[in-house]
Amino acid sequence: MAARHFLTLNDMTTGELEQLLDHASRLRAEWHAGKTRDSLKNRVLAMIFEKSSTRTRVSFEAGMTQLGGAALFLSPRDTQLGRGEPIEDSAIVISSMVDAVMIRTFAHETVEKFAAASSKPVINALTDDFHPCQLLADMQTYREHRGSIRGATVAWIGDGNNMCHSYINAAEQFDFHLNVACPEGYEPAASLLNAHSDRVTVVREPEDAARNADLLVTDVWASMGQEDEQKAREKAFRNYQINPKLMSVAAKDALFMHCLPAHRGEEISADMMEHPGSVVWHEAENRLHAQKALLEFLILNRLD
Ligand code: CP
Ligand code: NVA
């Protein structure tokens, strides 16, 4: 049987995603109750990181250990991947020795190529185009605070980047409306906007996106790999900040999320992390629980 991959949210059905999030919340409760679990005993996850990470690395590595398995950290600096061994050859070899592979890289095509040659499940842990694992944690966090997100309005303030693209996929899968406020030239990919035109509205003014929204989300102005655009982006995104004033035009009990790392004074004001609507720390912790549920789903084909 061909391995099941998780390269975007579209690799799962809505039903599977909802079951996975329910399971993730159960795993969270069990973890907080001090219960142990060894569902992935003797299983190994290979983690290929071509970009930096704190949350993704710690959550996958700790998650595998907590489920009785192990994780291998592989960087291109010390593997043959960094010396030009073809992706497909690496995929065949690595997947013959482990139970799943997680990849954080630049081009989305790289994870697609790896997955096509891999005999084991491949997880996209962020590419230039998508960050689906973060969306699992965000959707879990929304449900744990507010229940179903169906019919809600979500405001994305800032760059039409990998996170924004995954929010567009989430809008479709979880049935909510996404308002995107971004400067001209920083819109999400036209192909995604066209495919989901009934789900996504692009506006220029952050207030137009945030008005009556149930959830406000943002991300850094310059993503990994865009360091040399930092100055130009600081200018373009100057007015695209989530702050208490913007929160005040949203729905009364609106939540605030950020995948982190956050740049206080840029995409958020210095006081946003502690705002009453902020659930950023809960969101960050949920990376652990959502990915443990994902690993069990992909490796064991179980969602409970
Ligand atoms: N949100 C997120 O993916 O964080 P890291 O870059 O620290 O993994
Ligand atoms: N858009 C950011 C997300 C970091 C988790 C980046 O790609 O750097």
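Please treat every number below as a calculation from the coordinates, not as lab data. Treat the numbers as computed from the prediction; the structure is a model and nothing was measured. All Cβ positions, even for glycine, are placed from backbone atoms using ideal geometry, and neighbour counts span all protein chains on display.
Of everything in the range 226-263 that's of a type in the set (D, E, K, R) and either without any contact (Cβ under 8 Å) to a residue 24 or more places away in the chain or within 16 Å of ligand 1 (Cβ to nearest atom) (or both), which residue is farthest from residue 52 (Cα to Cα)?
252
If I ask for residues that are within 16 Å of ligand 2 (Cβ to nearest atom) and in contact with a Leu (Cβ under 8 Å, 6 or more places away or on another chain), which ones from the range 165-186 would you list?
Passing the criteria: 165, 166, 167, 168, 169, 170.
Going through the range 82-108 one residue at a time, which ones are free of Cβ contacts under 8 Å to residues at least 40 places away in the same chain and either within 14 Å of ligand 2 (Cβ to nearest atom) or surrounded by fewer than 17 Cβ atoms within 10 Å (Cβ to Cβ) (or both)?
Matches in the range 82-108: 82, 83, 84, 85, 86, 88, 89, 92, 93, 96, 107.
Inside the range 146-164, can you point out the residues that are in a strand (DSSP E or B) and within 16 Å of ligand 2 (Cβ to nearest atom)?
156, 157
Restricting to the range 44-81, and then to whatever is closer than 25 Å to residue 24 by Cα and charged (D, E, K, R), can you tell me which residue is nearest to ligand 2 (Cβ to nearest atom)?
55
Every residue in the range 187-228 that is of a type in the set (Gly, Ala, Ser) and either more than 16 Å from ligand 2 (Cβ to nearest atom) or assigned to a helix (DSSP H, G or I) (or both), please.
Once the filter is applied, which keeps residues that are of a type in the set (Gly, Ala, Ser) and either more than 16 Å from ligand 2 (Cβ to nearest atom) or assigned to a helix (DSSP H, G or I) (or both), the range 187-228 yields 190, 191, 195, 197, 209, 210, 213.
All but one of (1) more than 16 Å from ligand 2 (Cβ to nearest atom); (2) in a loop (DSSP other than H, G, I, E, B) hold for residue 231; which doesn't?
Condition not satisfied by residue 231: (2).
Could you tell me how many of the residues in the range 59-113 are within 16 Å of ligand 1 (Cβ to nearest atom) and either touching a helix residue (DSSP H, G or I) at 6+ places or on another chain (Cβ under 8 Å) or of a type in the set (D, E, K, R) (or both)?
Number of matching residues: 14.
Take residue 39 and tell me if it is away from ligand 1 (no atom under 16 Å from the Cβ), surrounded by fewer than 19 Cβ atoms within 10 Å (Cβ to Cβ), small (Gly, Ala, Ser) and within 26 Å of residue 146 (Cα to Cα).
The answer is no for residue 39.
Return the residues of the range 248-304 that are within 15 Å of ligand 2 (Cβ to nearest atom) and at positive phi; say none if nothing qualifies.
260
Return the pairs, sorted by first residue and then second, in which the second residue is hydroxyl-bearing (Ser, Thr, Tyr), the first residue lies in the range 209-225 and is more than 14 Å from ligand 1 (Cβ to nearest atom), the beta carbons are less than 7 Å apart, and the residues are 6+ apart or on different chains.
212/153; 213/153; 214/153; 215/142
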